[in-house]
Amino acid sequence: MVKKTLKIPLHVGIIMDGNGRWAKKRLLPRVMGHREGVKTVKRIVEHAANMGIKYLSLFAFSTENWFRPEEEVSTLMGLLDEYLDSEMRNIVEKGISLRVSGDISKLREATKTKLMDIIEASKNNRRMVLNLALNYGGRDELLKAASDLARDFASGKIAESELGLLFKNYLYNPDVPDIDLLIRTSGEIRISNFMLWRLAYSELYFTKVLWPDFSEKDFDEAIEDYNRRIRRFGKTDEQILNQ
């Protein structure tokens, strides 16, 4: 359990990595690793909400994941459906608001309907925002935002002086703040095209724990590590300490 005196980040992002390796270590099919990973999602979402985190972004399926074997992609889509079916009531009743970042047009129609139903049913919840990155790529998000911004500038909807100020409004879920802490499991040390705009000043935390094994205690350790960081945002240590 995190000490009450610790500062809780407003927005935590997680790259949930290691499901396949978890299964391989146990001589199990990859699908079993993904199923265990879904169980971890449920536990960590609840734990983060209880801790007081207001925004939790999970990298669930990237634009590059479509290049995986067709059977695995189908399994992942099926697990997403199962998660939405089993968690819709919990999400709504526990005060969590569901959001999606990414191009969901490529998802199954039934999946899109479930997502939109939960988003609508939970839109007024304020306990925590659960932001699922689905068919998401950071570069794609920036290119889409730049294209939409350029279109509105060309049509005269916005002035040249507003371009920098309004860029964020063209991202997915523009009201979601920058990520304070990014956690990546499985020992990989990279950000893999995740939330590039919102990671500009994030603290990065990498753990060798595979996602299915990632526990509430592991999450707490990431928060404790975050509290040992000095977030300067371009300032000196002296300026930060004198604030």
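The values are calculated or read from the model by the stated rules, or taken from the named source; none is laboratory data. Just so we're clear, the structure is a prediction, and the values are computed from it rather than from any experiment. As a convention, Cβ positions derive from the backbone with ideal geometry for all residues, glycine included, and neighbour counts pool all protein chains shown.
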Answer with yes or no whether G13 is among the small types (G, A, S), modelled with pLDDT of 95 or more, assigned to a helix (DSSP H, G or I) and under 20 Å from the mean Cα position of the chain (by Cα). no
Could you count how many residues in segment 41-67 are touching a helix residue (DSSP H, G or I) at 6+ places or on another chain (Cβ under 8 Å) and more than 24 Å from K123 (Cα to Cα)? 3
Mind checking whether some residue in segment 67-80 is surrounded by 14 or more Cβ atoms within 10 Å (Cβ to Cβ) and among the aromatic types (F, W, Y)? no
Identify all residues within segment 98-117 that are part of a helix (DSSP H, G or I) and among the basic types (K, R); write none if there are none. K106, K112, K114
If you take the residues of segment 16-27 that are of a type in the set (D, E, K, R) and either at pLDDT below 95 or assigned to a loop (DSSP other than H, G, I, E, B) (or both), which of them is farthest from L182 (Cα to Cα)? R26
Confirm whether A150 is assigned to a helix (DSSP H, G or I) and in contact with a helix residue (DSSP H, G or I) (Cβ under 8 Å, 6 or more places away or on another chain). no
Return only the number of the condition from (1) crowded, with 16+ Cβ neighbours inside 10 Å; (2) at pLDDT below 85 that I240 does not satisfy. (1)
Restricting attention to segment 33-89, report how many residues are part of a helix (DSSP H, G or I), touching a residue at least 40 places away in the same chain (Cβ under 8 Å), over 17 Å from P212 (Cα atoms) and among the basic types (K, R). 0
Out of L204, L182, L199, sole residue that is under 30 Å from R30 (Cα atoms) and part of a loop (DSSP other than H, G, I, E, B): L199
Looking at segment 107-136, which of the residues that are of a type in the set (K, R) and surrounded by 13 or more Cβ atoms within 10 Å (Cβ to Cβ) is nearest to N65 (Cα to Cα)? R108
